[in-house]
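Everything on this sheet refers to the single structure shown next.
The values are calculated or read from the model by the stated rules, or taken from the named source; none is laboratory data. If you're wondering where the values come from, they're calculated on a predicted model, not measured in any experiment. Don't worry about glycine lacking a Cβ; one is built from the backbone with ideal geometry, like all the others, and counts go over all protein chains shown. Quick note on the areas: whole protein, heavy atoms, side chains included, nothing else; ligands and nucleic acids left out. Shrake-Rupley method; radii C 1.70, N 1.55, O 1.52, S 1.80 Å.
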Amino acid sequence: MLLDRTGEIADPWRLITDPPAEGGIADLVLEGPCLLPFAWIGAVKHAPLGAHLPNDTEPAAVGPHFPALDLISIDFPSFADGRGFSIAARLRDLGFRGLLRAHGPLIADQFAYLLECGFDQVWLPPMVAERQPAEMWLAQLGSVTLGYQRGREGRASILEQRLGKKPLACA
């Protein structure tokens, strides 16, 4: 299931993770929007093109490829592994303006923060989608108004709110 802030949406992107049986990556025959492992991006010329990043990717390494990328998907191997949140925020800070997708077994409670960190979409495996339908995800929007971290969209942290201070500008 693929979600954005409006609910379930169609996914035109095809995730390709297996290397070609013959020839090299540059010999891949790609049709339509394709999402490829980040390691393949420099070797492939295709549009529209997306990169699927492991959750230990250094965001600065992706920056030079921004002009070629319409979508960046960040892998979340577990809902408890939060490195993807930081990668997304950093990619936005570095100037990526294309679609940003969280990919993996996340939970609905994380939806508002995913969007706040810069994600546009969340892809969920079928097992998670069955347990947590789109309606459950949408119900989470606006349900959390306080956060221990300062929000990327200008929300003050709980401490800042308690002390009556405005959030500091993020550098």
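Only one of the numbered conditions (1) part of a loop (DSSP other than H, G, I, E, B); (2) open to solvent by 30 Å² or more (accessible area, probe 1.4 Å); (3) closer than 30 Å to Ala139 by Cβ is not met by Asp56, and that is (3). Could you pull out the residue among Ala61, Ala39, Ala89 that is in a helix (DSSP H, G or I), of a type in the set (Gly, Ala, Ser) and in contact with a Lys or Arg (Cβ under 9 Å, 6 or more places away or on another chain)? Among Ala61, Ala39, Ala89, only Ala89 is in a helix (DSSP H, G or I), of a type in the set (Gly, Ala, Ser) and in contact with a Lys or Arg (Cβ under 9 Å, 6 or more places away or on another chain). Only one of the numbered conditions (1) touching a helix residue (DSSP H, G or I) at 6+ places or on another chain (Cβ under 7 Å); (2) at pLDDT below 90; (3) open to solvent by less than 60 Å² (accessible area, probe 1.4 Å) is violated by Ala26, and that is (3).
Yes/no matrix, rows are residues, columns are (1) in contact with a Phe, Trp or Tyr (Cβ under 9 Å, 6 or more places away or on another chain); (2) not aromatic (Phe, Trp, Tyr):
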site: His46; (1), (2): no, yes
site: His52; (1), (2): yes, yes
site: Phe66; (1), (2): yes, no
site: Leu91; (1), (2): yes, yes
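If you filter the range 69-86 down to residues that are of a type in the set (A, V, I, L, M, F, W, C) and out of contact with any Lys or Arg (no Cβ under 8 Å at 6 or more places or on another chain), you find that the one that is surrounded by the most Cβ atoms within 10 Å (Cβ to Cβ) is Phe76. When His103 is tested against (1) more than 19 Å from His65 (Cβ to Cβ); (2) crowded, with 21+ Cβ neighbours inside 10 Å, just one condition goes unmet, and that condition is (1).
Condition check ((1) part of a loop (DSSP other than H, G, I, E, B); (2) in contact (Cβ under 8 Å) with a residue 12 or more places away in the chain) across all residues:
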position	(1), (2)
Leu100	no, yes
Leu106	yes, yes
Gln110	no, yes
Leu114	no, yes
Gly118	yes, yes
Val122	no, yes
Met127	no, yes
Glu130	no, no
Trp137	no, yes
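Put simply, of Leu53, Leu35 the only residue that is out of contact with any helix residue (DSSP H, G or I) (no Cβ under 9 Å at 6 or more places or on another chain) and within 19 Å of Phe119 (Cβ to Cβ) is Leu35. In the set Pro33, Pro12, Pro19, Pro48, only one residue is at pLDDT below 80 and either on the phi < 0 side of the Ramachandran plot or surrounded by 12 or more Cβ atoms within 10 Å (Cβ to Cβ) (or both); that residue is Pro19.
Does Pro64 meet the test of being more than 17 Å from the chain's Cα centre (by Cα), open to solvent by less than 40 Å² (accessible area, probe 1.4 Å) and either over 23 Å from Met127 (Cα atoms) or touching a residue at least 24 places away in the same chain (Cβ under 8 Å) (or both)? No.
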